[in-house]
Structure formats: structure tokens, C-alpha cells
Number of protein chains: 2
Amino acid sequence: MTATHRGQSEPFVWEGGDPLAYKEDDGTFRSVTRQVLTGAEHGQGTSLRYFEIGPGGHTTLERHGHTHVVVPIRGQGSALVVDRIVPLALHDVVFVPSWGWHQFRAARDEPLGFLCAVVVARDRPVLPSENDLIELRRDPEIAAFIRL
Amino acid sequence: MTATHRGQSEPFVWEGGDPLAYKEDDGTFRSVTRQVLTGAEHGQGTSLRYFEIGPGGHTTLERHGHTHVVVPIRGQGSALVVDRIVPLALHDVVFVPSWGWHQFRAARDEPLGFLCAVVVARDRPVLPSENDLIELRRDPEIAAFIRL
């Protein structure tokens, strides 16, 4: 039976789930951990995950057909969402629309932890091509922001 | 176009949405506000809402076919979930399964604020009948907990 209550053994480490899972290191992200909080068994067709990026770290620059709903619950940072850089303050609501480029970065001096909702049945992320990078870098702010 | 970033005009008050919406007062809840953070337009078939219960307040005791995924992000409290009382600490993950009775209560001295995910296409809540209340109250802890 699916647990009705999952506490934390320490802040931001949830009991009863898989241990902290690290995405396979393909060299495109830095200092990111993931915990799956809910999934198909919760009957909503979505999965809620907790990602934490270490100070100065970042997620992979990518895009895909499924959307993201992101709510930071620890620290702060910033993100590329589609075509602009947005601040990430505690409890802001960030929406990554279908096929929007996105990359999340923690502030230099503290981790950034956020909830991220996705549909369970989702497509795989796509990395930027050389042409995509040329397009993205036309905006100087984005050129200065992105990490590969 | 759906906003890619919703900040807060003050903590726990999100910009760009409906103002704080109060559920119609039917006398079954006390001191509860709601803000809708995401919905059908976010492409996941789910809606993320923020509920805040004032100190000593509570939500309606109810059940329904759709599920809830709840994550407290402000304060603390406790909840009836199905057939037991669970503590609600910051960032605990609470799952209310289909047709599980549930009621959330804030601690006496601080508000309880939580994110709550539901499917967009959902059924209406049902209130307990006299027989349901007799069943629920067989457990002394539940009898002492529930508020009508």
C-alpha cells in the first residue's frame, strides 16, 4: 500500500523512498541529486520529485515535450526558462512549457532545492544542437548564463 | 500565454493569479484560504493549490474519489488521513488515497500552509453521514481529533 505519510529522517531527506538518486553523470550537469516523492501509484498521472543543486551547481540545459511545474523549497537561484532568465526565490512558481529550453542554477553560496512535477508518461529530454546554442546565445544574458 | 514565473508580492501570496479565494463558508471548516497556482493550462492534468489554515483552524472533514498529494511549506499541524492521525512537519509528503477520509488542522500557535495537488477532472467531496461519524469515532484518537 502506498504510504499516507512520509516524514524526513533529516530536513530534505524523505523516509521510505529510494535513497538519494543521482542522475547518471553525462557531464552536462553539476552537483544535482534527486528524490522521487510520488508517482503513478498516487493516481494523478504525475510524479513529484525533489531536486537539490549544490552551491554553484546547475542542471542540464535541455528541452522536451512534457512540461515542468517547479517550486523552490530550499535556498535560491535562477533559471533559464524558454528565452529569459528568471529569479528563483523560495516558493516562486516556475512553469516550463512544452519544448521550452530550461536550465536551473543554484546561488554560489547555498544549495537550491525544488519540487518538480511532471507527467508519469513523458518523453526524453533533448540536448541543444550547435545551431540551438547559436540561437540561444544571440541573447547576451542567456549566453552568459548557460553552462554546458 | 501561461506565465513562466510567478513571484510573490509577500511570502505566500503569489502574483498574477486570482486573489486569495475563500471556499464558501458552509460551517464545516475554519480559517482556510486557497490560492490556485497551476491548472489545466500547465499540461499535466493536475492542479497545484496552496491552502493556508490559521492557528487552531481546520479544513472540512471529507472524502472523494480523487487523491490528494500534500506538502506543508509553512508551519506545522496534524491530519486525519484515512484511519489515523499523522503529524505534519515542514515538507513531509502526505497522500490521501481515493475515498480516504481526511481533515487537516493547524497547530494552535501558527498557521499551516501546504501545497495540494489534485487532478483537474475530479469529483466533488462528500461529507460524513451519521453512520460514517459513528465508524470514525470508534477510534478514540480520531474521535478526539475531528472537528465538524
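The values are calculated or read from the model by the stated rules, or taken from the named source; none is laboratory data. Here the structure is a predicted model, which means the values were calculated and not measured. Cβ coordinates were reconstructed from backbone atoms using ideal geometry, including for glycine residues, and neighbour counts include every protein chain displayed.
Checking the conditions here, which among A:Thr28, A:Thr4 is of a type in the set (Val, Ile, Thr) and more than 7 Å from chain B (Cβ to nearest Cβ)?
Working: A:Thr4 fails: more than 7 Å from chain B (Cβ to nearest Cβ).
The conditions single out A:Thr28.
Within the stretch B:75-85, restricting attention to residues that are surrounded by fewer than 19 Cβ atoms within 10 Å (Cβ to Cβ) and out of contact with any helix residue (DSSP H, G or I) (no Cβ under 9 Å at 6 or more places or on another chain), which residue is farthest from B:Pro140 (Cα to Cα)? It would help to see each step written out before you state the result.
Applying the first criterion (surrounded by fewer than 19 Cβ atoms within 10 Å (Cβ to Cβ)) to the stretch B:75-85 yields B:76, B:78, B:82-85.
Applying the additional criterion that residues be out of contact with any helix residue (DSSP H, G or I) (no Cβ under 9 Å at 6 or more places or on another chain) yields B:76, B:82.
Details: B:Gln76: 23, B:Val82: 14 Å.
Among those residues, the one meeting the criterion is B:Gln76.
The numbered conditions (1) surrounded by fewer than 19 Cβ atoms within 10 Å (Cβ to Cβ); (2) within 14 Å of chain A (Cβ to nearest Cβ) are all true for B:Ala144 except (2).
Yes or no: the stretch B:22-32 includes at least one residue that is modelled with pLDDT under 95, polar (S, T, N, Q) and either buried (at least 16 other Cβ atoms within 10 Å of the Cβ) or not in a loop (DSSP other than H, G, I, E, B) (or both). Give the steps one after another, and end with the answer.
Our first condition is that a residue be modelled with pLDDT under 95; within the stretch B:22-32, this holds for B:22-32.
Narrowing further to those that are polar (S, T, N, Q): B:28, B:31.
The next check asks that each one be either buried (at least 16 other Cβ atoms within 10 Å of the Cβ) or not in a loop (DSSP other than H, G, I, E, B) (or both); those that pass are B:28, B:31.
The answer is yes, given that some residue of the stretch B:22-32 is modelled with pLDDT under 95, polar (S, T, N, Q) and either buried (at least 16 other Cβ atoms within 10 Å of the Cβ) or not in a loop (DSSP other than H, G, I, E, B) (or both).
Of everything in the stretch B:80-89 that is in a strand (DSSP E or B) and at the interface with another protein chain (Cβ under 8 Å from one of its Cβ atoms), the residue that is nearest to B:Gly113 (Cα to Cα) is B:Pro87. Reported count of residues in the stretch B:48-63, each being modelled with pLDDT of 95 or more and either facing chain A (nearest Cβ under 10 Å) or more than 13 Å from the chain's Cα centre (by Cα) (or both), is 2.
With the condition kept exactly as written, say whether any residue in the stretch B:118-132 is crowded, with 17+ Cβ neighbours inside 10 Å, closer than 27 Å to A:Phe12 by Cα and not polar (S, T, N, Q). Give the derivation first.
Kept after step one, since they are crowded, with 17+ Cβ neighbours inside 10 Å, are these residues of the stretch B:118-132: B:118-119, B:128.
Retained after the next criterion (residues that are closer than 27 Å to A:Phe12 by Cα): B:118-119.
Those still in the list that are not polar (S, T, N, Q) too: B:118-119.
For the stretch B:118-132, residues crowded, with 17+ Cβ neighbours inside 10 Å, closer than 27 Å to A:Phe12 by Cα and not polar (S, T, N, Q): present.
Across the stretch A:84-100, the number of residues qualifying as out of contact with any Asp or Glu (no Cβ under 8 Å at 6 or more places or on another chain) and touching a residue at least 40 places away in the same chain (Cβ under 8 Å) comes to 0.
Taking the conditions exactly as written (under 22 Å from A:Val94 (Cβ atoms), more than 10 Å from every other protein chain (Cβ to nearest Cβ) and assigned to a loop (DSSP other than H, G, I, E, B)), does B:Asp109 satisfy them or not? I'd like the intermediate steps shown before the answer.
Working: under 22 Å from A:Val94 (Cβ atoms): no; more than 10 Å from every other protein chain (Cβ to nearest Cβ): yes; assigned to a loop (DSSP other than H, G, I, E, B): yes.
The answer is no for B:Asp109.
Inspect the stretch B:115-124 for any residue being assigned to a loop (DSSP other than H, G, I, E, B), more than 14 Å from chain A (Cβ to nearest Cβ) and more than 30 Å from A:Glu52 (Cβ to Cβ) and give the result as yes or no.
yes
Annotation: of all residues in the stretch B:37-73 being in contact with a Ser or Thr (Cβ under 7 Å, 6 or more places away or on another chain) and charged (D, E, K, R), the one that is surrounded by the most Cβ atoms within 10 Å (Cβ to Cβ) is B:Glu52. Of all residues in the stretch B:115-148, those being in contact with an Asp or Glu (Cβ under 7 Å, 6 or more places away or on another chain) and within 30 Å of A:Val119 (Cβ to Cβ) number 2.
Pull up the stretch B:33-47, narrow it to residues that are at the interface with chain A (Cβ under 9 Å from one of its Cβ atoms) and part of a loop (DSSP other than H, G, I, E, B), then point me to the one that is farthest from the chain's Cα centre (by Cα). Filtering first and then ranking leaves B:Gly43. Residues that are free of Cβ contacts under 8 Å to residues at least 40 places away in the same chain, closer than 16 Å to A:Asp109 by Cα and of a type in the set (S, T, N, Q) within the stretch A:21-80 comprise just one, A:Gln76.
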